[in-house]
Amino acid sequence: MNLPKGKHIFGTVKVGERGQIVIPKEARELFNINPGDTLLVLGDEKHGIAISKADVMEELALKILGGFTNKKKGEKRNETI
């Protein structure tokens, strides 16, 4: 199967009795996920779940919040993150 550049299918995983899954080695290596890392699990009832490293989402949140705090009252901001 030819996927667009940067898109991956790592295979399937089974959910254990305690609700745990094993992230495939190739995915852990690609996304630099190591033991002890904190992951954020997001959900959308229509589209499913997404898992991201928490520090990646924290960086994004800080950029978003920085845009709010740097904005002067009444000023419109057209910045893309």
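Observations, loosely collected:
So that you can scan it fast, the table gives a plain yes or no per residue for (1) modelled with pLDDT under 90; (2) charged (D, E, K, R); (3) touching a strand residue (DSSP E or B) at 6+ places or on another chain (Cβ under 9 Å):
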{"residue": "Val22", "(1), (2), (3)": "no, no, no"}
{"residue": "Phe31", "(1), (2), (3)": "no, no, yes"}
{"residue": "Pro35", "(1), (2), (3)": "no, no, no"}
{"residue": "Glu59", "(1), (2), (3)": "yes, yes, no"}
{"residue": "Phe68", "(1), (2), (3)": "yes, no, no"}
{"residue": "Gly74", "(1), (2), (3)": "yes, no, no"}
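- Any hit, segment 24-38, residues being part of a helix (DSSP H, G or I), among the acidic types (Asp, Glu) and under 17 Å from the mean Cα position of the chain (by Cα): yes
- Residue check for Ile33: out of contact with any Gly (no Cβ under 7 Å at 6 or more places or on another chain), farther than 22 Å from His8 by Cα, among the aliphatic types (A, V, I, L, M) and open to solvent by less than 90 Å² (accessible area, probe 1.4 Å): no
- Subset of segment 2-19 [closer than 16 Å to Phe31 by Cα and not aliphatic (A, V, I, L, M)]: Lys5, Gly6, Lys7, His8, Phe10, Gly11
- Pairing each residue of segment 11-39 that is touching a residue at least 12 places away in the same chain (Cβ under 8 Å) with any residue that is surrounded by fewer than 10 Cβ atoms within 10 Å (Cβ to Cβ) and of a type in the set (Lys, Arg), provided the two are 6+ apart or on different chains, yields no C-beta distance under 9 Å.
- Condition check for Gly43: in a strand (DSSP E or B) and open to solvent by less than 80 Å² (accessible area, probe 1.4 Å): yes
The values are calculated or read from the model by the stated rules, or taken from the named source; none is laboratory data. Everything numeric here is computed off the predicted structure, so don't read it as measured data. Neighbour counts run over all protein chains shown; Cβ positions are idealised from the backbone, glycine included. These accessible areas exclude ligands, DNA and RNA; they are computed on the full protein's heavy atoms, side chains included. Shrake-Rupley method; radii C 1.70, N 1.55, O 1.52, S 1.80 Å.
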